[in-house]
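Report on the following structure.
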Amino acid sequence: MNSTLCLTGLMRGELLDILNHWGEKPFRTKQIWSWTHCKLVGAIDDMTDLSKDFRQRLKESFYFCRPKIKLRQVSQDKTIKWLLELEDGLCVEMVYIPEDDRGTLCVSCQVGCSLSCPFCHTGTHRLERNLRVAEMVDQVILARFELMAEGLRVTNVVLMGMGEPLYNYDAVVKAVRIIMDPNGLAIGSRKITLSTAGVVPRLADVGRDLGVNLAISLHGVHNEVRDRLVPLNRKHDLTALKQAMLTYPLKGGRRITWEYVLLEGINDSDEDARGLVRYLKGVPSKVNLIPFNPWPGTTFVPSSMERIKSFQEIVGGSGLVTVIRDRRGGDIAAACGQLVG
Ligand code: SAH
């Protein structure tokens, strides 16, 4: 292992402090930051406006730990999935979803996942470790760098890849702050969404520390059903979750996104739809209905599009904004819940 610091895991203020300590002027931090977060270089020697001596000095303290691309797959619908190899050889997946007016990057925060939601393919892989700050920031840097040549932009980031972001909280907070830095990657809080299975004691922190959009994986409105689909519910049940959302510090005009994957015969009845409407009462909400993405070996069955539409009519009919999420990247196993690394 390297005893030096991973450069992209630092906040700009931290770099400033270190260089200050060395007796360097603040503009050095600006220069370096612009190389790493704007010009997206991956080596200290690429920072050509720094003297050789200064670069040498930097190399003694910092290095790049950018993940290596092991595999890149492009879907028929232009969704791109990368398999990334980390320094210790473990792998995570990252997905890019291009749309007409934006480009969304789906970032992973853990290798594997500890939640074991039975309908999610990632859940079949035990948690290996948390990602470090730099390993999350580098996903954005790497994607921007890779897509630049093709004229594709990363405008939005969703923490919806492998892992539970609220179980790697400190690193996620720092990575998101770095990603939001207006002098660097500059992706604003409205363009970032953190998706959680509902780690209730942490929810208010997200609002206070980050102010990014919050998506909650609900998937069931009866504890018996949700206990099974999202085992975390046995610890933090629907009542506790609702209570936390009623007091959540939501920024003006924003809503909580509720993710609801539709599984045939399990949570997709008209009665479930009415239950969902009742459950969300009082919380400014928008509902994302997710068609189940099957994976090899799963026993869950996707609801028919007819069923999903009928579910949507009931929920939407109550006045809640309700969208059916596009099934993007299904042919390359890049869709929700298909990431296994
Ligand atoms: N751990 C976090 C983020 C990762 S999952 C969370 O639970 O929110 C991102 C979303 O994909 C979650 O809503 C998850 O429930 C959903 N998902 C998982 N497996 C899926 C599958 N096979 N089909 C459709 N959506 C799935």
Please report, as a whole percent, how much of the solvent-accessible surface of the stretch 68-332 comes from carbon and sulfur atoms (probe radius 1.4 Å). 50 percent
Can you work out ³J(HN,Hα) from phi for every residue in the stretch 203-217, in order, using Karplus 6.51 cos²θ - 1.76 cosθ + 1.60 and θ = phi - 60°, giving whole Hz and x for Gly and Pro? 4, 4, 4, 4, x, 6, 6, 10, x, 7, 5, 10, 10, 10, 7
Candidate aspartates and glutamates for bridging to K309, where Cα separation is under 15 Å - those fewer than 8 sequence places away on the same chain excluded: E264, D268, D270, E271, D272, D326
For the stretch 5-63, with +1 on Lys and Arg beta carbons and -1 on Asp and Glu, the positive-most of L5, P26, F54 along the dipole: P26
Once phi for every residue in the stretch 304-317 is put through the Karplus expression 6.51 cos²θ - 1.76 cosθ + 1.60 (θ = phi - 60°), the whole-Hz ³J(HN,Hα) values, with Gly and Pro written as x, are 5, 4, 4, 4, 4, 5, 5, 4, 5, 4, 5, 5, x, x
Setting aside same-chain residues fewer than 8 positions from K52, which aspartates and glutamates have a Cα under 13 Å from its Cα? E60
Viscosity 0.890 mPa s, temperature 25 °C: Stokes-Einstein D of the stretch 5-63 from its Kirkwood Cα radius, in µm² per second? 216 µm²/s
So, taking all protein chains as they sit and a 1.4 Å probe, how much accessible area belongs to T29, in Å² rounded to tens? 10 Å²
Just the number please: accessible area per residue for the chain, 1.4 Å probe, all protein chains included, in Å². 44 Å²
Spelling it out for L5: with amide H atoms placed in the peptide plane at 1.01 Å from N, the residues 5 or more places away or on another chain with amide H under 5 Å from its amide H are F62, Y63
Tell me, what is the Rg over Rh of the chain, with Rh the Kirkwood radius over Cα pairs? 1.00
Please determine, in degrees from 0 to 90 and to the nearest 10, the orientation of helix 52-61 with respect to the longest principal axis defined by the Cα atoms of the chain, where the helix direction is its Cα long axis. 50 degrees
Rounded to whole Hz, the Karplus (6.51, -1.76, 1.60) HN-Hα couplings of the stretch 282-292, x for glycine and proline: x, 10, x, 9, 9, 10, 10, 8, 10, x, 4
Ellipticity estimate at 222 nm from DSSP helix runs (n ≥ 4, -39,500 (n - 2.57)) divided over the chain, nearest 500: -9500 deg cm²/dmol
So what's the angle, to the nearest 10 degrees on a 0 to 90 scale, between helix 169-180 and the longest Cα principal axis of the chain? 70 degrees
Exceeding 23 Å between C-alpha atoms, which entries from my cross-link table qualify? They are K25/K59; K78/K286; K68/K191. K78/K286; K68/K191
Please report, in Å, the Rg and the Dmax of the stretch 137-226, where both are computed over Cα atoms only. 14.7, 49
Candidate residues M148, M180, M136: accessible-area rank, largest first, probe 1.4 Å: M148, M180, M136
Just report the Cα centroid separation between the stretch 312-330 and the stretch 102-153, whole Å. 25 Å
Pick out, from T79, I69, W258, the residue whose Cα sits farthest towards the positive end of the charge dipole of the chain, with +1 on the Cβ of Lys and Arg and -1 on the Cβ of Asp and Glu. W258
Relative contact order of the chain, pairs being alpha-carbon contacts under 8 Å that are 6 or more residues apart, as %: 15 percent
Using a 1.4 Å probe on the protein heavy atoms, what percent of the accessible area of the stretch 5-63 belongs to carbon and sulfur? 52 percent
Considering only DSSP states other than H, G, I, E and B, which GluC sites (Glu not before Pro) in the stretch 265-341 qualify as loop sites with at most 15 other Cβ atoms within 10 Å? none
Per the chain, cysteines lacking a partner by the 4.7 Å Cβ criterion: C38, C91, C106, C109, C113, C336
Within the chain, percent of DSSP bridges classed antiparallel, to nearest 5: 40 percent
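The values are calculated or read from the model by the stated rules, or taken from the named source; none is laboratory data. Given the structure is predicted, the values throughout are model-derived calculations rather than measurements. Here Cβ is always computed from backbone atoms with ideal geometry, including for glycine, and neighbour counts include all displayed protein chains. Just so you know, the surface numbers come from the protein's heavy atoms only, side chains and all, with ligands and any DNA or RNA stripped out. Shrake-Rupley method; radii C 1.70, N 1.55, O 1.52, S 1.80 Å.
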